Amino acid sequence: MSVLEQINSPWRMRFFMWWKLPAAAFMGLSIASCSAKQAVVRLPYRWRSQNPFRSTYFAAQCAAAEMSTGLLALVALDGKEPVSMLIVGIEAEFLKKVAGTLLFTCNAGQEIADAVQRAVDSGEPKMLRVLSVGMLPDGTEAARIWVTWSFKKRGNTP
């Protein structure tokens, strides 16, 4: 079974999140859709994802954005030589107070796949900054979060 098939299986992903990403599972993150080019992660507005000011906590938004980019990295790594992936930076703009469900979308699947391939081919670490946009159901943009990933072929020493 491919990584993409596993990601798009709701029960497999829920199990994976509770096993490996319990904070994300606790907040209620779920995968709305995922392909090799685009990933969409749903962040519900619940008491587990809100701050004392009755809006969605910034860390929950960052977690959803990270997941939307990380899913594309996992898809890009499927079938490749072992590659480590690590977040080395995160930047965010919060454009609107959010008190509803957010959908974080990352459309950088091809760029991520290219960076992974360059890391495998060169044996050198490759960094890539990708954008995930948080949208309300009515189409209003609420957040823009950039996640910088480092990809490095395993077994190489710096």
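Against the conditions (1) open to solvent by 10 Å² or more (accessible area, probe 1.4 Å); (2) more than 22 Å from residue 26 (Cα to Cα), residue 116 satisfies every one except (1).
Might you let me know whether the range 139-156 holds any residue that is out of contact with any Asp or Glu (no Cβ under 7 Å at 6 or more places or on another chain), of a type in the set (Ser, Thr, Tyr) and more than 28 Å from residue 52 (Cα to Cα)? Yes; the residues of the range 139-156 include at least one that is out of contact with any Asp or Glu (no Cβ under 7 Å at 6 or more places or on another chain), of a type in the set (Ser, Thr, Tyr) and more than 28 Å from residue 52 (Cα to Cα). When we screen 128, 103, 72 for residues that are open to solvent by less than 80 Å² (accessible area, probe 1.4 Å), in a strand (DSSP E or B), within 27 Å of residue 45 (Cβ to Cβ) and of a type outside the set (D, E, K, R), the only hit is 103. If you go through the range 22-45 and keep only what is surrounded by 13 or more Cβ atoms within 10 Å (Cβ to Cβ) and either assigned to a helix (DSSP H, G or I) or free of Cβ contacts under 8 Å to residues at least 24 places away in the same chain (or both), you end up with 24, 25, 26, 27, 28, 30. Any residue that is among the hydroxyl-bearing types (Ser, Thr, Tyr), in contact with a strand residue (DSSP E or B) (Cβ under 6 Å, 6 or more places away or on another chain) and touching a residue at least 12 places away in the same chain (Cβ under 8 Å) - is there at least one of those in the range 57-68? There is at least one residue in the range 57-68 that is among the hydroxyl-bearing types (Ser, Thr, Tyr), in contact with a strand residue (DSSP E or B) (Cβ under 6 Å, 6 or more places away or on another chain) and touching a residue at least 12 places away in the same chain (Cβ under 8 Å).
The values are calculated or read from the model by the stated rules, or taken from the named source; none is laboratory data. Everything quoted here is computed from the prediction, not taken from an experiment. Glycine gets a Cβ as well: all are built from the backbone with ideal geometry, and neighbour counts include every protein chain shown. Side chains are part of the model used for accessible areas, which takes the heavy atoms of the whole protein and leaves out ligands, DNA and RNA. Shrake-Rupley method; radii C 1.70, N 1.55, O 1.52, S 1.80 Å.
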